[in-house]
Amino acid sequence: MSKVVSILRFVIGFTVMVVMTLIVMVAVIVLLPWRVGRIYVCNWWGHVVGRTIVFLAGVTPVVRGWERLKGSMPAIFVMNHASTLDAFSGIWMCPYGGCGVFKKEIVKVPFYGQLAWMSGHLLIDRSNTGKAVETLKDMAVFMNKHRLGIWIFPEGTRSRDGRLLPFKKGFVHMAIATGFPVVPVVVHGAHKNWEKGSMLEFKPMTLEVDVLPPIDTKGWTEETAAEHAQQVHDAFVATLKEDQRPLPAATPTVTPSPEAAVSTPPTPVAS
């Protein structure tokens, strides 16, 4: 795709996002007293905007195990993160009732950030581990009460080269607190379409996604949290293609920090 075409598609995508955001913000303001309602409205926003951006990026998605998304709800959906494209494909695929996780800095992103802040989805402070843990625990109570799921990027940031990074354990704590299953969503090659540091150049591609079978978490405990995070990380490694697997003797595959957040893209919550 030429750079001129990429820029044109970017402008169209940004325009669609802004218009849709302004429309949905009106509904969100009306629904301010009802957090669950705001979450569902923003799920709809994510499905429309996410799918539009995926199309404009020149991507043809092939999702294997699609039925496991809605069929696993409520669940903890974990997805690898190697491109801004992941944010849009994630909000498109996330089933209704799925809550996204954002770092608090998301509010600085025009339109997208303000909607994320008002949406009822989860914002966490990654610089304050204790506060992040309490936020996750509070969210777990809310999820249990309303039978909501969550969509999270367990690496906590984008991979620079597409290779899987260590997992933080926030999703494990959420699974233990709720008893919900963990559903790995493995994305192949997104970094080749929308490379990190490249805002205005897309490379057409087929985006393969594998939604793996739900992992039962009812026997998980805080004492063995690292083992459970490792189990899920291993499932990603076994499914990813060779060029996205961690290199031998890389950093540990599980980090001690309990929080994990969606990194800031240029355009929810997990839809």
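Miscellaneous remarks
- Sole exception among (1) closer than 23 Å to Arg158 by Cβ; (2) modelled with pLDDT of 95 or more for Val59, by number: (2)
- Subset tally (residues that are within 19 Å of Gln244 (Cα to Cα), part of a loop (DSSP other than H, G, I, E, B) and either modelled with pLDDT of 95 or more or small (Gly, Ala, Ser) (or both)) for the stretch 157-195: 3
- Selection from the stretch 93-104 of residues that are part of a helix (DSSP H, G or I) and modelled with pLDDT of 85 or more: Met93
- Complete set of residues in the stretch 126-179 that are closer than 18 Å to Ser83 by Cβ and of a type in the set (Lys, Arg): Arg158, Arg160, Arg163
- Filter result (modelled with pLDDT under 80 and either under 26 Å from Phe236 (Cα atoms) or under 16 Å from the mean Cα position of the chain (by Cα) (or both)) within the stretch 105-156: Tyr112, Ile124, Arg126, Thr129, Ala132, Val133, Leu136, Lys137
The values are calculated or read from the model by the stated rules, or taken from the named source; none is laboratory data. Nothing here was measured: the structure is a model prediction, and the numbers come from that model. Ideal geometry is used to build each Cβ from the backbone, glycine not excepted, and the neighbour counts take in all protein chains shown.
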